[in-house]
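The structure under discussion appears below in the form of structure tokens.
The values are calculated or read from the model by the stated rules, or taken from the named source; none is laboratory data. Just so it is clear, the model here is predicted, and its values are computed rather than measured. Because the Cβ atoms are built from the backbone with ideal geometry, glycine has one as well, and the counts that use them run over all protein chains shown.
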Amino acid sequence: MPLLPHPPTPPIATPRAPVRWVLALSTRVLHTERLLLTALMTLLVILILLNVVTRYSGMPIYWVDEAAVYTVVWLTFVGASVMTRLRMDFAVSLLTDQFGPRGAKVAKLIATSGVLLFGLAMLVMCWVWMDPVGIGRYGFDAKEFAAESFNFLYTERTQTLNWPTWVLQLILPIFSATFSVHALANLLEDLGAADRVKHAGFDVVNADAVN
């Protein structure tokens, strides 16, 4: 009996415009984060080498240690955002392995939704904490704002760099925003609103590939 040809695969529907915008924004943010990661890693190596050389020569530079610490902090948050979009975040699958395909999909949607809610909650918390509207009411006078609100974020400075603390802590709202964009893109893919995007330039696509 002759084999019947397989029916043609139906064409994939083009995602709606809002979905395309979210995915495009996530991809653009991801590539920007890749450049930022490269720059931060380069800066960290330079700071460490500078620290070693100056200490060995007996002329240590006192602010290098603090600069290296803040560089690592920024690296951590930017890297966490990248890992979220690449789906390299950690997961415990002991329970979901017992589910069927439908149950596993539902559990995945719940988990991805939780990640998105976490990112949005962080955005709200950063807005309340940094209170840009509040300090704006005081003409961006940090001392007046701190005296009335007891929020000393804008009056604090780092110990050795003597930089405003709020500038370095901007990584928190930045991370919250990029993290939320990536989580929303992941959720749209999990809902079937669009195919999963293959990100060029990111060869490591899962945690097992790191080992």
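Structural remarks
- Residues of the range 119-131 classified as surrounded by 13 or more Cβ atoms within 10 Å (Cβ to Cβ) and among the small types (Gly, Ala, Ser), total: 1
- Residue list for the range 151-182, restricted to those being without any contact (Cβ under 8 Å) to a residue 60 or more places away in the chain and touching a Lys or Arg at 6+ places or on another chain (Cβ under 9 Å): 154, 155, 163, 164, 165
- Cβ separations smaller than 8 Å between residues 6+ apart or across chains give the following pairs from the range 32-54 residues that are touching a residue at least 60 places away in the same chain (Cβ under 8 Å) to residues that are among the small types (Gly, Ala, Ser) and in a helix (DSSP H, G or I): 33/81.
- Residue selected from the range 58-108 under the condition part of a helix (DSSP H, G or I) and among the hydroxyl-bearing types (Ser, Thr, Tyr), by the criterion surrounded by the most Cβ atoms within 10 Å (Cβ to Cβ): 81
- Subset tally (residues that are more than 24 Å from residue 79 (Cα to Cα) and within 14 Å of the chain's Cα centre (by Cα)) for the range 151-179: 0
- Restricting the range 86-131 to residues that are in contact with a Ser or Thr (Cβ under 6 Å, 6 or more places away or on another chain) and more than 30 Å from residue 164 (Cβ to Cβ), the residue that is modelled with the lowest pLDDT is 104.
- Which numbered condition residue 116 misses (of (1) of a type in the set (A, V, I, L, M, F, W, C); (2) exposed (fewer than 14 other Cβ atoms within 10 Å of the Cβ); (3) closer than 20 Å to residue 20 by Cα): (2)
- Matching residues in the range 183-200 - criterion: being among the small types (Gly, Ala, Ser) and without any contact (Cβ under 8 Å) to a residue 40 or more places away in the chain: 192, 200
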